[in-house]
Number of protein chains: 2
Amino acid sequence: MNLQQLQTLAVVVETGSFSAAARRLQKAQSAVSSAIAELEIDLGIQLFDRSKRYPQLTAAGERVLQQALIINAQCQALSEFAAGLSDGEESTLTLAVDDEGQLPWLAPILAEFALAFPRLELRLLFPLLEDLTLLLRQGEADLAISYQPLSPPTDIERWPLQAINFVLLVAVTHPLAAFVEDGVTTNQLQQHRQLLVTDRLQGVEKQRGRLAADVWWLEGDMAVLALVKQGLGWAWLPEPLAQTALAEQPKALLPLHLKDTAGLPSSILPVQLELWRQRGKTPGPAARWLLQRLLNRV
Amino acid sequence: MNLQQLQTLAVVVETGSFSAAARRLQKAQSAVSSAIAELEIDLGIQLFDRSKRYPQLTAAGERVLQQALIINAQCQALSEFAAGLSDGEESTLTLAVDDEGQLPWLAPILAEFALAFPRLELRLLFPLLEDLTLLLRQGEADLAISYQPLSPPTDIERWPLQAINFVLLVAVTHPLAAFVEDGVTTNQLQQHRQLLVTDRLQGVEKQRGRLAADVWWLEGDMAVLALVKQGLGWAWLPEPLAQTALAEQPKALLPLHLKDTAGLPSSILPVQLELWRQRGKTPGPAARWLLQRLLNRV
DNA sequence: TGGAACCTATCAGGAAAACAGATAGATGAA
DNA sequence: TTCATCTATCTGTTTTCCTGATAGGTTCCA
């Protein structure tokens with residue numbers, strides 16, 4: 001069996017005759033004839049009924065044709081994919097996102113991306129506890145989406161994406177829930193356990209957003225949300241995530257508003273979401289596309 | 001590009017070196033080397049890193065390999081399928097079933113069938129209004145499942161499958177629903193509209209099961225069931241279908257039992273389900289398998 | 001450090017294939 | 001019937017593919 005035989009089969013069916021296929025393929029008629037004959041011998045099946053003037057596919061030939069078309073298409077896909085690769089297209093692109101809560105607005109963009117680069121493998125990481133800069137420096141990730149760092153690294157290029165508001169959440173069973181109407185003071189918040197996201201590094205970033213004396217550290221916003229639901233403390237959560245949680249379980253969670261801003265860490269103000277890339281690393285077409293698409297997002 | 005090149009690529013990766021691949025393929029090492037080299041030229045990509053002792057797949061090569069494995073597998077599937085065809089296996093099998101209500105017990109058998117004949121195309125027809133014998137005679141269907149006919153055709157081979165009971169169903173809103181406790185008489189039934197399945201032929205079969213004077217004819221059991229639910233009449237429905245309907249909407253439908261059998265058409269007694277095949281037509285392996293499996297069903 | 005054992009690339013020559021061109025027979029329309 | 005068009009098959013040529021040999025690189029070990 002042979003790729004050219006399968007392709008010849010497809011062209012013969014398309015054009016309706018061996019001669020026409022030969023013209024289309026710029027070959028002699030005898031070449032087409034013997035190619036089909038050999039394919040029939042190899043498969044052990046008669047593909048065409050030649051009793052009439054024009055060859056006619058047999059029932060078995062019909063089924064073989066279907067398979068052949070699929071194989072031809074995949075071979076062509078391989079060729080095109082290879083052509084893309086030889087033009088410098090990436091075969092894999094890794095995007096590291098700080099937080100699964102970004103997925104709702106990110107997913108539609110990734111859907112577009114999949115259409116633009118159908119054969120490319122996308123790796124989407126949510127390295128909750130790892131350093132994104134490390135991932136970029138080690139080449140583990142090509143692009144990253146992260147909150148604005150307190151101490152910006154110099155070897156990372158950064159572009160602003162959007163500002164994320166944080167919402168104060170407690171469970172209805174929590175003592176602070178009584179103040180849902182009037183609002184709470186920072187002083188009151190400080191007297192209850194705060195739930196915070198931790199990272200693996202014991203740096204300054206870890207204390208970001210800390211207000212209370214009593215703190216539990218958790219791995220990721222989802223874990224924080226789960227413990228807030230249990231009434232184990234209060235937390236600031238990204239607005240998109242909080243919206244989703246409030247919509248899903250409207251009776252379990254309450255948003256609180258603050259009456260004052262005394263002693264409030266500045267990092268709880270709207271925090272800038274950023275797009276990161278390692279400086280000096282030349283991106284492929286796919287990385288450039290995604291970068292442009294993320295920055296031009298309406 | 002070439003099928004052998006793709007296969008060679010797969011073997012090289014599997015064995016770990018060009019030389020080992022050559023031994024496995026019973027070819028000279030130079031043949032493998034040039035095959036890979038030509039594939040690289042054709043695709044415009046370097047597939048292997050040859051700086052070390054053993055060639056190592058590049059990132060691009062990894063992706064090409066994935067595609068190549070898929071293509072190889074499909075070519076092998078085509079070969080096996082063709083081998084089956086040349087051994088006389090059918091490429092398509094059509095099973096015509098009188099009634100969609102048979103699907104619950106039929107589906108698991110068809111699942112087994114799909115495993116036994118993975119490449120075969122199954123056509124499953126529910127020709128509600130057509131004559132099954134005609135489908136068999138015209139070669140439109142290879143096998144058929146039908147109720148026992150009142151006048152058996154001589155050119156159709158028939159095997160008994162199972163007896164189907166019929167259940168009397170009405171909606172809770174129907175006047176007859178009042179007799180759900182005590183049961184109804186045939187006389188009472190005759191005074192209300194009966195819903196019956198019609199077929200396209202205006203033969204004796206059409207009147208099968210008729211009891212009432214006032215009758216509506218509908219296309220198929222599902223349509224009958226829908227109108228019964230609306231309270232538009234009563235109907236005898238196959239027990240499996242009735243069970244499903246009662247389980248899905250326990251409050252909308254009621255089963256009735258008959259107090260007498262005066263004037264009851266004999267065809268409402270358990271009706272034999274049968275398997276049909278046109279006499280004299282030699283079946284392929286798949287048809288024989290399905291026939292045996294249906295008859296040996298526990 | 002140098003040799004043994006393994007690997008790969010490349011070359012020339014021969015086997016196998018695929019090809020073009022010509023010919024004969026078959027089909028369908030005028 | 002004639003004619004245009006199709007397919008199968010044959011022959012010789014071109015192209016491809018393979019083998020075997022050779023040269024050079026890598027790894028390991030004495």
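The values are calculated or read from the model by the stated rules, or taken from the named source; none is laboratory data. Here the structure is a predicted model, which is why all the values come from computation and not from measurement. Positions of Cβ are generated from backbone atoms using ideal geometry, with glycine treated the same way; all protein chains shown enter the neighbour counts. Ligands, DNA and RNA are stripped out before the accessible areas are found, and what is left, the full protein with its side chains, is counted by its heavy atoms. Shrake-Rupley method; radii C 1.70, N 1.55, O 1.52, S 1.80 Å.
Key figures
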item	result
Residue in the range A:58-77 that is within 11 Å of DNA strand C (Cβ to nearest atom) and either open to solvent by 80 Å² or more (accessible area, probe 1.4 Å) or within 46 Å of the chain's Cα centre (by Cα) (or both) present	no
Matching residues in the range A:253-295 - criterion: being modelled with pLDDT of 85 or more, of a type in the set (A, V, I, L, M) and open to solvent by 30 Å² or more (accessible area, probe 1.4 Å)	A:Leu254, A:Leu258, A:Leu295
Out of A:Ile41, A:Ile45, sole residue that is within 24 Å of B:Asp87 (Cα to Cα) and either at pLDDT 95 or above or surrounded by fewer than 15 Cβ atoms within 10 Å (Cβ to Cβ) (or both)	A:Ile41
Top-ranked residue in the range B:85-94 [being more than 10 Å from chain A (Cβ to nearest Cβ) and not polar (S, T, N, Q); ranked as most open to solvent (accessible area, probe 1.4 Å)]	B:Gly88
Every pair of residues 6+ apart whose Cβ atoms lie under 6 Å, when the first sits in the range A:102-114 and is among the aliphatic types (A, V, I, L, M) while the second is part of a helix (DSSP H, G or I)	A:Ile109/A:Arg293
Hey, B:Val97 open to solvent by less than 40 Å² (accessible area, probe 1.4 Å), touching a Phe, Trp or Tyr at 6+ places or on another chain (Cβ under 6 Å) and within 16 Å of DNA strand C (Cβ to nearest atom) or not	no
Count of residues meeting criterion [over 19 Å from B:Gln190 (Cβ atoms), among the hydrophobic types (A, V, I, L, M, F, W, C) and either free of Cβ contacts under 8 Å to residues at least 24 places away in the same chain or open to solvent by less than 70 Å² (accessible area, probe 1.4 Å) (or both)] in the range B:219-252	9
Residues of the range A:100-118 that turn out to be crowded, with 17+ Cβ neighbours inside 10 Å and within 14 Å of chain B (Cβ to nearest Cβ), as a count	1
Unique match (being more than 13 Å from chain B (Cβ to nearest Cβ) and in contact with a Ser or Thr (Cβ under 6 Å, 6 or more places away or on another chain)) among A:Ala28, A:Ala21, A:Ala59	A:Ala21
Residue within the range A:132-140 that is within 14 Å of another protein chain (Cβ to nearest Cβ) and more than 16 Å from B:Val64 (Cα to Cα) present	yes
Residue within the range A:63-81 that is among the aliphatic types (A, V, I, L, M), outside the structural domain of A:Ala223 (by TED's automatic domain parsing) and under 30 Å from A:Arg279 (Cα atoms) present	no
Answer residue from the range A:119-161, given it is farther than 21 Å from A:Asp221 by Cβ and buried (at least 18 other Cβ atoms within 10 Å of the Cβ) and is farthest from the chain's Cα centre (by Cα) among those	A:Ile156
Every residue from the range B:12-26 that is away from DNA strand D (no atom under 12 Å from the Cβ) and surrounded by 16 or more Cβ atoms within 10 Å (Cβ to Cβ)	B:Val12, B:Val13, B:Thr15, B:Ala20
Pairs, first on the phi > 0 side of the Ramachandran plot in the range A:41-65, second part of a helix (DSSP H, G or I) and more than 10 Å from DNA strand D (Cβ to nearest atom), C-beta under 7 Å, six or more apart	A:Gly44/B:Ala82; A:Gly44/B:Ala83; A:Gly44/B:Ser86
